[in-house]
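The values are calculated or read from the model by the stated rules, or taken from the named source; none is laboratory data. Computed from a prediction, not measured in an experiment: that's the story for all the values here. No Cβ is skipped: glycine too gets one built from the backbone with ideal geometry, and neighbour counts run over all protein chains shown. The area values use the complete protein model at the heavy-atom level, side chains included, leaving out ligands, DNA and RNA. Shrake-Rupley method; radii C 1.70, N 1.55, O 1.52, S 1.80 Å.
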Amino acid sequence: MANRLATEYVKTCLQLTEAEMAKFIQLFVDHGAALQVKVLENGNQEVVLLDDAGQEVVLSFERKMNLYVCQGTCRITNRKLVDGMRKAVSAFKGDAVVHRIYSSYIMEYTYKYGAVVRIVEKRAEGEKLVFEYKDTLGQLEQLFRKNEVEQEIQAIHAQINSLLDLRNEFGDDAVREQIDGRLKKLTHRLFVLEA
């Protein structure tokens, strides 16, 4: 099995409430990470994660309304911190593009709302899609809820009924021919829609 050299969070977006911010910090404490929290002006915070080799990973959280928003990049080599960050993105429904860097290739993971939706293997020769989430159930539900055809059928039925009533009212052959022509077009359209 290939040895991972580093994990790079190329694009990260986490939005945390104040209570979630405390849980975020506790998650890294539980993983045995040494950390410092710096409170900056306007309530912004920096969470500085320290690994065994003395490397610092700085996560800047900007205070926006009632949320702490972290957007940015970071490179992590420590396994505990990598695991903690992965769990944080998942637990707090974050979005991220993550590169797991190996000596001869990169595995790119795309997270949406905390779940992996795509995995791509990147090598010098090219890219290979390993996994992509397809919301089959959601697509089927959306297809099931599409009812434009049924609505058009109901509208045509209503038009046909009113034209038949109108045809019965008029005895003039010229008017009946026009109504019959319109009925013929509507019944053909109805046939096409119901087929």
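Comparing LEU50, PHE131, CYS70 along the charge dipole axis of the stretch 39-154, the residue lying farthest to the positive side is LEU50, per the Cβ-charge model.
Taking label positions 7 Å along the Cα-Cβ direction at both VAL39 and ASN3, the computed distance is 4.3 nm, reported to one decimal. Based on Cα contacts under 8 Å between residues 6+ apart, the stretch 84-149 shows a relative contact order of 20 percent. Sorting 47-54, 108-115, 9-16 by their mean Cβ neighbour count within 10 Å, with the most densely packed peptide first, gives 9-16, 108-115, 47-54. Stretched out straight at 0.36 nm per residue, the stretch from HIS188 to SER104 would grow longer than its current Cα-Cα span by 23.9 nm. If you count Lys pairs in the chain whose Cα atoms are under 15 Å apart, skipping same-chain pairs closer than 8 places in sequence, the total is 7.
Could you tell me which of rounded, prolate or oblate describes the stretch 59-195, using a ≥ b ≥ c as the square roots of the eigenvalues of the alpha-carbon gyration tensor, with rounded for a/c under 1.5 and, failing that, prolate when a/b is larger than b/c and oblate otherwise? Prolate.
In the context of the full set of protein chains, the stretch 37-104 has a per residue accessible area of 54 Å² (1.4 Å probe). Extension gain, THR17-GLU132: 0.36 nm per intervening residue step, less the Cα-Cα distance, totals 38.4 nm. The accessible surface of the stretch 104-195, taken with every protein chain in place and a 1.4 Å probe, is 53 percent carbon and sulfur. Shape of the stretch 4-63 from the C-alpha gyration tensor: prolate (a/c of 1.5 or more and a/b above b/c, with a ≥ b ≥ c the square roots of its eigenvalues). Karplus-based coupling profile of the stretch 119-132, in residue order and whole Hz: 10, 10, 8, 10, 10, 4, 6, x, 10, 9, 6, 9, 8, 8, with θ = phi - 60° in 6.51 cos²θ - 1.76 cosθ + 1.60 and x standing for Gly or Pro.
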